[in-house]
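Dropping the structure in here first, questions after.
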2 protein chains.
Amino acid sequence: MREDVRMSGQVVVGVDIGGTKVLAGVVDAQGHVSSTALRTTPGRRVVTSQVEDAMVEAITESAAGRPLAGVGIAAAGFVDPPGERVMFAPHLPWQGEPLRDLLQARLGCQVLLDNDANCAASAEARHGAARGAASGLMITMGTGIGGAVLLDGKVLRGANGMAGEFGHMQVVPGGQACECGKSGCWEQYSSGNALVRNARALMAEQPSVLDEMCGGRPERVTGPMVTSAAEEGDLVARQAFASVGDWLGVGTANLVAALDPQVVVIGGGVSAAGDKLLDPARGALRRTLVGAAHRRVPDLVAATLGPRAGMIGAALLVTAD
Amino acid sequence: MREDVRMSGQVVVGVDIGGTKVLAGVVDAQGHVSSTALRTTPGRRVVTSQVEDAMVEAITESAAGRPLAGVGIAAAGFVDPPGERVMFAPHLPWQGEPLRDLLQARLGCQVLLDNDANCAASAEARHGAARGAASGLMITMGTGIGGAVLLDGKVLRGANGMAGEFGHMQVVPGGQACECGKSGCWEQYSSGNALVRNARALMAEQPSVLDEMCGGRPERVTGPMVTSAAEEGDLVARQAFASVGDWLGVGTANLVAALDPQVVVIGGGVSAAGDKLLDPARGALRRTLVGAAHRRVPDLVAATLGPRAGMIGAALLVTAD
């Protein structure tokens, strides 16, 4: 951390803004998180200032009256190369608004902006599961799939700053329609949304503890409900995870064929399910990866920073040297 | 080129060994090719020494009595990280044989070995279509699909030296069986083999100049036949290219979503068809790439070194500093 920040008593806040929630927290230079604050994302059909309001509220609450040295934002969308705007976000309303400057004006401190998966990957490379790896992939499973390619601990940015959009690789020709406007995208088969869709479809066919959890209204089923049902051994929830996990492995095999990374780190909210997600994914990776018998298949591991990786990586935008 | 090589009158030979042919040639430090020699690949169900015999013959013929300073081999298969063995090759018989040492013993000079797509990519980065690009993808369409990721002019090697195996990314779940043992691999839909398979299937439904070219025996149709039929405006051949080109664009969009390269270079034998292949590919890339309206879509260009890129890159193994 910069000396002036460390000495001043000011705090650095990292914010992770995704399709369903805004998580803000005070993060120190070792990646430790103290106070956090959570808000619901107002949606993607609202005016953008409502999303910014939710972000400012969460930032202010987490700082708890301490002065802000700077704020880092991890956003679930395409961020332009200078880190000023969210150009396009399937689950958020921004379309090129100058988010960095808007927040800087409202907060009165330095604001830095990057893609959420890039932030999570930086955090895992510096403080988490990809620490010390020469090459890695970060796959973040939230509402959709985000991702990042790590080379020597750095995020590969690409010619437009848009590398790592793994969720929109087509895995099924003419498949499920995607919020991005295309169809058959990987995240339609392996994500929080896919998990819930799978569970709802299976509930129509067989009884499940989810029936009671959602009060008999399958449209109210959420990802965390499916995770806790799976923890209770519920078959519907387990099958929903098996499918999402299998597709996670298939898509990962495609990326491993292309990039041959040392480690694959799975983060994002859905990764909280741990081996219920990762075991089927490991099986599918080994089954579908070309030449699996003739190579070391990379470890597929859960992000150690969990759902906080994006937030911690956002703070790294401000504090990293 | 090393001073001792330049001064001695010795020659450096590059060899490209693929599923159908062995191409050897004398290559100078500027990437210029003088004499070449061609042999047919004996197949993948032969003893490996038969393939080595064909290689030694082609090398000897191209050198035409001049002493060998060194030989570089570009092989269509997984090469181990030290560059000693072809571990696994869907279209060739090697399975871990120490090819580099075997050829070194037979030729009495230094031999260096790498994957064919890596070699082609190095050649295009140094002397061809990717020259000066900060990032690029090389996609080589021959019997199958090979590939390489270029970053700052260097080939990304990966943890096992196996990065760039684009042809075996799954694009159709439960799709066409592949020589690699999996199914639905990209190269089953976009490659020389796929082109010929498409043409044969279409010949069963409609008349074509290919009927005459193959003497009424569709099993004798080859990729070059389909290319010349397409040049004559034959509808069957044009449709065969349209499908292979469309799939080339779909798979490229997946790689561009993941890596966001500045340029995509298409090489290999099939790329000799030029815009008959590349125009449908460009259309499909723009159609299926996520956020295409919000980014610069990378140029999709033909390799400028053509089918000689692998051979030139093989020679670079010996001559590059």
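Only the coordinates and a few stated rules stand behind these numbers; no lab work does. In this text, all values refer to a predicted model and were calculated from it rather than measured experimentally. Virtual Cβ from ideal backbone geometry, glycine too; neighbours counted across all protein chains shown.
Among the lysines, which have Cα under 18 Å from the Cα of residue A:276 when same-chain residues fewer than 8 positions away are ignored?
Hits, sequence-local ones excluded: zero.
Using DSSP to define loop residues, name the trypsin sites (Lys or Arg not before Pro) in the range B:19-81 whose beta-carbon has at most 11 other beta-carbon atoms within 10 Å.
Sites meeting the loop and neighbour criteria: B:45.
By DSSP, what percent of the beta bridges with both residues in chain A are antiparallel, rounded to the nearest 5?
Taking every DSSP beta bridge within chain A, about 50 percent pair in antiparallel fashion.
Further question: With a 10 Å cut-off between alpha carbons and a GNM built on chain A, which of A:132, A:70, A:31 moves the most?
It is A:132.
Suppose you put the label 7 Å out from Cα in the Cβ direction; list, shortest first and in nm with one decimal, how far residue B:44 is from each other copy's label.
Residue B:44 label point versus its equivalents elsewhere: 4.1 nm.
Pull up the DSSP beta bridges for the protein assembly as shown and report the antiparallel fraction as a percent, rounded to 5.
Roughly 50 percent of the DSSP beta bridges within the protein assembly as shown come out antiparallel.
Now, a different point. Test of understanding: ordering B:169, A:55, A:87 by Cβ neighbours within 10 Å, fewest first, what list do you get?
Lowest count first: A:87, A:55, B:169.
Let me ask something additional. Across 20 Å bins from the origin, how do the percents of Cα pairs in the protein assembly as shown run, short distances first?
Bins of 20 Å from zero give 19, 47, 27, 6, 0 percent of pairs.
Using DSSP, restrict attention to beta bridges with both residues in the range B:132-303 and report what percent are antiparallel, rounded to the nearest 5.
DSSP beta bridges in the range B:132-303 are roughly 55 percent antiparallel.
Now, a different point. Using alpha carbon centroids, what distance separates the range B:249-321 and the range A:239-305, in Å?
Here the answer is 27 Å between Cα centres.
To make sure I understand, if each residue's beta carbon is the centre and we count other beta carbons within 10 Å, what order do B:263, B:47, B:171 fall in, fewest to most?
Ascending number of Cβ neighbours within 10 Å: B:47, B:263, B:171.
Which distances, in nm and shortest first, link the residue A:219 label point to the same label point in every other copy, taking 7 Å along Cα→Cβ?
In nanometres, ordered from closest: 5.9.
If you don't mind, another one. For residue B:207, which inter-copy label distances result when the label point lies 7 Å beyond Cα on the Cα-to-Cβ vector, reported in nm to one decimal and in ascending order?
In nanometres, ordered from closest: 6.8.
Mind giving me the FRET efficiency for residue A:292 and residue A:106? R0 is 56 Å, r the Cβ-Cβ distance, nearest 0.05 is fine.
FRET efficiency, residue A:292 to residue A:106: 0.65.
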